[in-house]
Amino acid sequence: VYKWCEGYARRIDEVDDLLTRNRIWIQRTQNIGIVSAEEALNLSFSGVMLRGSGIKWDLRKTQPYDAYDKVEFDVPIGVNGDCFDRYLCRMEEMRQSLRIMIQCINKMPAGEYKVDDHKITPPKRAEMKESMEALIHHFKLFSEGFVVPPGATYTAIEAPKGEMGVYVVSDGTSKPYRVHIKAPGFVHLAALDRVSRRHMLADLVAIIGTLDIVFGEVDR
């Protein structure tokens, strides 16, 4: 992973050198798809769509989870809220992600990385080929799951596209009573009409690119 990080850092620099000061790229992205900070909040934007408009909101900083409170990283924000600012934010976020990964690798203690209990974690593939018990554990984990106490919870993470939240209601069995996934792309796609108004049809390519829409996540 560490070796991959080194190679990827060079790739980011190559893209940066190719695009950031390219006059054609600048002409096609600056002052295109402008969203003010107030509009971004009213449209319920999150992730780069929100930070590109100048609002410094990142769940990894405001509501830390996992190991994000144990690593150092910066949250880039835009000024103009246009496609170019969102591009710059995404470029810097890739660099910050590499920074986080390298810190985690350096701080990772030696030893196993998961619990050696097949009633909780699935066994290795090689082990399932030789052990009937391991195969049974794997089957039960993925077909039956585990019992969750009755209750409800909403948990959100800072995904690459924005706030990714999951609301789950348990009735005390191994199957959830209710599950709702809040994907950031659903909100961003709904704002496409507003963001693309008074622009040329050709500008939609840049706007959709910075919205970063994946229809698999907006499907309801």
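The values are calculated or read from the model by the stated rules, or taken from the named source; none is laboratory data. Everything numeric in this text was worked out from a predicted model, so none of it was measured. A quick note on method: Cβ atoms are made from the backbone with ideal geometry, for glycine too, and the neighbour counts reach across all protein chains shown.
The table that follows gives values for the structure above.
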{"quantity": "Strands (runs of 3 or more DSSP E) wholly inside the stretch 151-220 containing at least 3 residues that are modelled with pLDDT of 95 or more, closer than 30 Å to S97 by Cα and among the hydroxyl-bearing types (S, T, Y)", "calculated": "151-159"}
{"quantity": "Residue count, the stretch 210-220 (criterion: surrounded by 15 or more Cβ atoms within 10 Å (Cβ to Cβ) and either under 27 Å from I26 (Cα atoms) or of a type outside the set (D, E, K, R) (or both))", "calculated": "5"}
{"quantity": "Within the stretch 166-209, tally of residues that are surrounded by 15 or more Cβ atoms within 10 Å (Cβ to Cβ), among the β-branched types (V, I, T) and under 18 Å from G33 (Cβ atoms)", "calculated": "4"}
{"quantity": "Among (1) farther than 24 Å from R21 by Cα; (2) without any contact (Cβ under 8 Å) to a residue 60 or more places away in the chain; (3) of a type outside the set (S, T, N, Q) - the single one I105 does not satisfy", "calculated": "(2)"}
{"quantity": "Restricting the stretch 108-134 to residues that are of a type in the set (A, V, I, L, M, F, W, C) and either in contact (Cβ under 8 Å) with a residue 12 or more places away in the chain or part of a loop (DSSP other than H, G, I, E, B) (or both), the residue that is surrounded by the fewest Cβ atoms within 10 Å (Cβ to Cβ)", "calculated": "A110"}
{"quantity": "Residue match in the stretch 74-86 (condition: assigned to a loop (DSSP other than H, G, I, E, B) and over 26 Å from A190 (Cα atoms))", "calculated": "yes"}
{"quantity": "Criterion: surrounded by fewer than 16 Cβ atoms within 10 Å (Cβ to Cβ) and part of a loop (DSSP other than H, G, I, E, B) - qualifying residue of K3, K56", "calculated": "K56"}
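Table: residues versus (1) in contact with a helix residue (DSSP H, G or I) (Cβ under 7 Å, 6 or more places away or on another chain); (2) closer than 21 Å to H199 by Cα; (3) among the acidic types (D, E); (4) surrounded by 14 or more Cβ atoms within 10 Å (Cβ to Cβ).
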{"residue": "Q30", "(1), (2), (3), (4)": "yes, yes, no, yes"}
{"residue": "S36", "(1), (2), (3), (4)": "no, yes, no, no"}
{"residue": "S46", "(1), (2), (3), (4)": "yes, no, no, yes"}
{"residue": "K61", "(1), (2), (3), (4)": "no, no, no, yes"}
{"residue": "F73", "(1), (2), (3), (4)": "yes, no, no, yes"}
{"residue": "P76", "(1), (2), (3), (4)": "yes, no, no, yes"}
{"residue": "C83", "(1), (2), (3), (4)": "yes, yes, no, yes"}
{"residue": "M91", "(1), (2), (3), (4)": "yes, no, no, yes"}
{"residue": "S97", "(1), (2), (3), (4)": "no, no, no, yes"}
